[in-house]
Every structure is written in structure tokens, then in C-alpha cells.
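The values are calculated or read from the model by the stated rules, or taken from the named source; none is laboratory data. This structure is a prediction, so every number in the text was calculated from the model and none was measured. Please note: Cβ atoms are built from the backbone with ideal geometry, for glycine as well, and neighbour counts cover all protein chains shown. For accessibility, only protein heavy atoms count, side chains too; no ligands or nucleic acids. Shrake-Rupley method; radii C 1.70, N 1.55, O 1.52, S 1.80 Å.
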Amino acid sequence: MNTNQNVGKYGEDRAAEYLERLGYCLVERNWRCAAGEIDIVAKDKDCLVFAEVKTRTRTGFGHPFEAITQSKMLKMRQLVGEWCKANQAPSSQVRLDAISVLVTGGRVHIEHLKQVF
């Protein structure tokens, strides 16, 4: 595992803990299919939440949210459909969220955008 993978896993772990503190129920992490990967699937009351997590240790290449492009969001929509089909879950109550994890100076700063698409 390289440094970027370590940072990414650390950020996803912090994001999962954050969602659990908010009362979300984690359903799945790092779900993969031929089309790609969903970082976190969770339940927020009656809504399935599909979260894309971006982690950075500095902002020299921009804020973590800047890495979530329009094409990434289109891919996420496709992946949500694949997940719902694979899990026989109704896709009527779904939400796509983005979570930014910025780790600097030993501190973790999390931002959470709901319904980004």
C-alpha cells in the first residue's frame, strides 16, 4: 500500500466514524464492481447515502472537494444504480454526498456536503 492509499484509507476511516457519530448506519465500505468503487454506503433514516470521500494532507493541489469532478459524479450515479441492482435495493430514496477530510498538523478537519448531485 502506498502513501496515497494510506492517506485515503485514513480519511475514509475518519469519514465513516464521523457518519456514525451523526447516527448514520454504515452498510458497506469500498464496494467495487467492474465500473468502479463506492467509498461508503450508509443509511440516514430511510435514505441510502452513497458518499465519495476525498482526503488530502495539504491544499497545494486544491481543496479535496475540487477532486470530485463532474465526470466523477456521473460515474457515482452509475455506481449507485449498480449497487442498488446488485443489492436488490430500491433506488427511490438515495442521496449522493461528498466528504472532505483534510489532515494537517495532526488535526483532522471534515466537511460534509449532502445531496451533491
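Key figures for this structure:
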{"quantity": "Tabulated pairs, region 15-37, first of a type in the set (A, V, I, L, M, F, W, C), second part of a loop (DSSP other than H, G, I, E, B) and at pLDDT below 95, C-beta under 6 angstrom, 6+ apart or interchain", "calculated": "none"}
{"quantity": "Residue match in region 89-98 (condition: of a type in the set (S, T, N, Q), open to solvent by less than 50 Å² (accessible area, probe 1.4 Å) and either over 15 Å from the mean Cα position of the chain (by Cα) or at pLDDT 90 or above (or both))", "calculated": "no"}
{"quantity": "Candidates Val49, Val53, Val7 - the one that is assigned to a strand (DSSP E or B) and under 14 Å from Leu102 (Cα atoms)", "calculated": "Val53"}
{"quantity": "Where Pro90 falls short, out of the listed (1) touching a Cys at 6+ places or on another chain (Cβ under 8 Å); (2) outside any loop (DSSP other than H, G, I, E, B)", "calculated": "(2)"}
{"quantity": "Residue in region 56-72 that is open to solvent by less than 30 Å² (accessible area, probe 1.4 Å), among the charged types (D, E, K, R), touching a helix residue (DSSP H, G or I) at 6+ places or on another chain (Cβ under 7 Å) and under 19 Å from Ile110 (Cα atoms) present", "calculated": "no"}
{"quantity": "Residue within region 76-86 that is open to solvent by 20 Å² or more (accessible area, probe 1.4 Å) and either among the aromatic types (Phe, Trp, Tyr) or not in a helix (DSSP H, G or I) (or both) present", "calculated": "no"}
{"quantity": "Test for Val101: is it within 24 Å of Leu22 (Cα to Cα), open to solvent by 30 Å² or more (accessible area, probe 1.4 Å), of a type in the set (A, V, I, L, M) and part of a strand (DSSP E or B)", "calculated": "no"}
{"quantity": "Residue satisfying condition, being in a helix (DSSP H, G or I) and loosely packed, with under 15 Cβ neighbours inside 10 Å, within set Glu17, Glu28", "calculated": "Glu17"}
{"quantity": "Out of Tyr24, Tyr10, sole residue that is modelled with pLDDT of 95 or more and aromatic (Phe, Trp, Tyr)", "calculated": "Tyr24"}
{"quantity": "Region 78-96 residues that are of a type outside the set (A, V, I, L, M), paired with ones that are in a helix (DSSP H, G or I) and surrounded by fewer than 15 Cβ atoms within 10 Å (Cβ to Cβ) (beta carbon under 7 Å, 6 or more apart)", "calculated": "Ser91/Gly81"}
